[in-house]
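The values are calculated or read from the model by the stated rules, or taken from the named source; none is laboratory data. On a predicted model such as this, the values are computed, not experimentally measured, just so you know. Positions of Cβ are backbone-derived with ideal geometry, glycine not excepted, and every protein chain shown enters the neighbour counts.
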Amino acid sequence: MKNIERRDFIIGSLTSLGSLAFLNGRCDTISSALVDEIKKASDLNSVAYNVAVLGDTHYDTAPETVYHAHYDESNIHAKIQHAEFKRNGEMWRERCPRLLASSAALAHENKTDFILQLGDIIQGDCDHIPTHQKMLDDCIKMLKKPYPDNMPFLTVVGNHDFRGKGARKAYFDFAHPFMAKEIEKLTGEKLDKQLTYPIISFRKGPDIWIFCDFEKANLNKICDIIDADSTARHVFIVTHGPFTTYANTKSYRWRLGGSPRALKSRQRLFDTLSKRRGIVLSGHTHSTTYYRFENSLGSFCEFTGNSVWTERSPLTATPNSSTPEQYVPAERFLEKMRNKEDFHSEINFFKPSLKEYYETRAAGHYRLKVTENSVEMEFYLCDSRTPDRVFKLK
Ligand SMILES: [Fe+2]
C-alpha cells in the first residue's frame, strides 16, 4: 500500500473509531485525541518545501599558489591536475559566481528550506592539511554567502573532497560536525545519535534523506534503512557517484554499487527504489542527466547535477541524448574501452527498465520542489533565472 493510501486508510479507520466512541457517549476525550493525531499525520504529509541544488563545484582559485603551493609534483596525474587547477581558477573568477548568484537570488525570491550540493565541493589536491582545511572553510563561506542568512547547507562527500595528502581525515573531521549542525538547523531537532559516513540518514518531516559515501556505503545497509522506515513519504538518496552507470565514461564502475562484489545488493537497491518510488540525486559526471526507470515492481528516478561551468559547457539545454534508446556509450569512448563486455553488461543492467533519458554536458543550477504528491527538479542553464527544463522525479 502506498504511503498516502495507507495514511488515508488509517485516517478513515481512526475517524470511524472516534465516531463510534462519540456515538456511544463513552469518551469525548478519546475522540478529540484521535482527531488531533489525525490532523498531525495529515499536516505532516502535506508538508511542501523547496531546495536550491548545486552540482559539483570544484571550488578553487587562481593563482595556483593559494591552495596548491604544497602540491606534490611527483603525482602521476600532475599534468591532468594542473589543467584542472587552471580550469577551476578560470571558472571561479567570473562564471561560477554568476551561477551561484542566480541560485541565491531564486532562494531569496521563493521560499527555500535548504541548499544541497552534490559533492566535489572543492578541488582538493593541496597535499597540506592546513591548506586543505582552509580550502574547505573558504569554500563553504563563499558558497553560503549570497543565500539568505542561516539557510542550512548540506553537501555530500565527493572524491575530490578528500584528495591529497592527509586530506581524508581533514575532510571528515570537518564534514561530520558540519553536517550534524546543518541537519539540526534544518530539522529543528537535536540529533539523538552521532551522524557519520559512510551513511548519514535523517528525516525531514515526512521524508527520509540518505547521504552516502559512494565508494564506501554498503547497499544492503541503505536498503535496511529504507525498509525500516516504511511510512516515509518520499525516499531521497544523495550520492556523489551516481547509482546508474553513466554511459559516456571509461570509469563506468566508479559509482555507488559499481563494484563487481555488489551485484546482489545492487539488485536489491534497484528493487527497493522501484517499490518505494525513490529518488537518487548525484553528481560526479559533470553532466545534467535524468533517468526514469519502470518495471514490474514500480518506478524510480535518478537525477545528476553539474555546476562545473567551464568555457566548453554547452550554452543550450539541448540534450546529447533524449531517448532511452540513446543510453549507449559514445563511439569515441567505446573505441578506447578495454573491457567492452564488462561495460555492456553494466549498461544492460539498467537499460531494459529505462523509460526516460536525458543527457547533456551543460552546467547550471537546480531547484527541487517537493510536495505531498510530486517531486520536480527545475534545471536552470548556466546563470539563468528561468528554468529551461523541469524533470518529474515522482
Ligand atoms: Fe567526482
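Residue-wise test of (1) within 16 Å of the ligand (Cβ to nearest atom); (2) loosely packed, with under 15 Cβ neighbours inside 10 Å; (3) touching a residue at least 12 places away in the same chain (Cβ under 8 Å).
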site: P63; (1), (2), (3): no, yes, yes
site: K79; (1), (2), (3): no, yes, no
site: A107; (1), (2), (3): no, no, yes
site: F114; (1), (2), (3): no, no, yes
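Each residue in segment 281-303 was checked for being of a type in the set (D, E) and away from the ligand (no atom under 16 Å from the Cβ), and 1 pass. Please go through segment 108-151 and pick out each residue that is assigned to a loop (DSSP other than H, G, I, E, B) and either among the β-branched types (V, I, T) or over 28 Å from Y49 (Cα atoms) (or both). Across segment 108-151, the qualifying residues are T112, I121, Q123, G124, D125, C126, D127, H128. Scanning segment 46-63 for residues that are part of a loop (DSSP other than H, G, I, E, B) and over 17 Å from V238 (Cα atoms) turns up S46, V47, A48, H58, D60, T61, A62, P63. On inspection, V66 does not qualify as touching a Lys or Arg at 6+ places or on another chain (Cβ under 7 Å) and not in a loop (DSSP other than H, G, I, E, B).
Can you say whether T239 is closer than 20 Å to R253 by Cα, β-branched (V, I, T) and in the same structural domain as W254 (by TED's automatic domain parsing), as far as the supplied structure shows? Yes. Residue pairs whose Cβ atoms lie under 7 Å apart, sitting 6 or more positions apart in sequence or on different chains, and linking a residue in segment 275-295 that is touching a residue at least 60 places away in the same chain (Cβ under 8 Å) and over 19 Å from Y59 (Cβ atoms) to a partner that is away from the ligand (no atom under 16 Å from the Cβ) and in a helix (DSSP H, G or I), are F293/S274; F293/S353; E294/S353. Looking across segment 304-341, the residues that are within 16 Å of the ligand (Cβ to nearest atom) and part of a strand (DSSP E or B) come down to T304, N306. Inside segment 252-280, can you point out the residues that are away from the ligand (no atom under 14 Å from the Cβ) and either of a type in the set (A, V, I, L, M) or at positive phi (or both)? Passing the criteria: G257, A262, L263, L269, L273, R277, I279, V280.
Mind checking which residues of segment 214-251 are surrounded by fewer than 18 Cβ atoms within 10 Å (Cβ to Cβ), assigned to a loop (DSSP other than H, G, I, E, B) and more than 16 Å from the ligand (Cβ to nearest atom)? Scanning segment 214-251 gives N218, D229, S230, T231. For segment 162-204, a tally of residues being under 25 Å from N220 (Cα atoms) and either of a type outside the set (F, W, Y) or not assigned by TED's automatic domain parsing to the domain that holds T285 (or both) returns 18. For segment 344-351, does any single residue satisfy the condition of being within 24 Å of N88 (Cα to Cα), assigned by TED's automatic domain parsing to the domain that holds T155 and either touching a Pro at 6+ places or on another chain (Cβ under 9 Å) or among the small types (G, A, S) (or both)? No, the conditions are met nowhere in segment 344-351. You will find that of N295, N306, the residue that is crowded, with 17+ Cβ neighbours inside 10 Å, assigned by TED's automatic domain parsing to the domain that holds I237 and not aromatic (F, W, Y) is N306 and no other.
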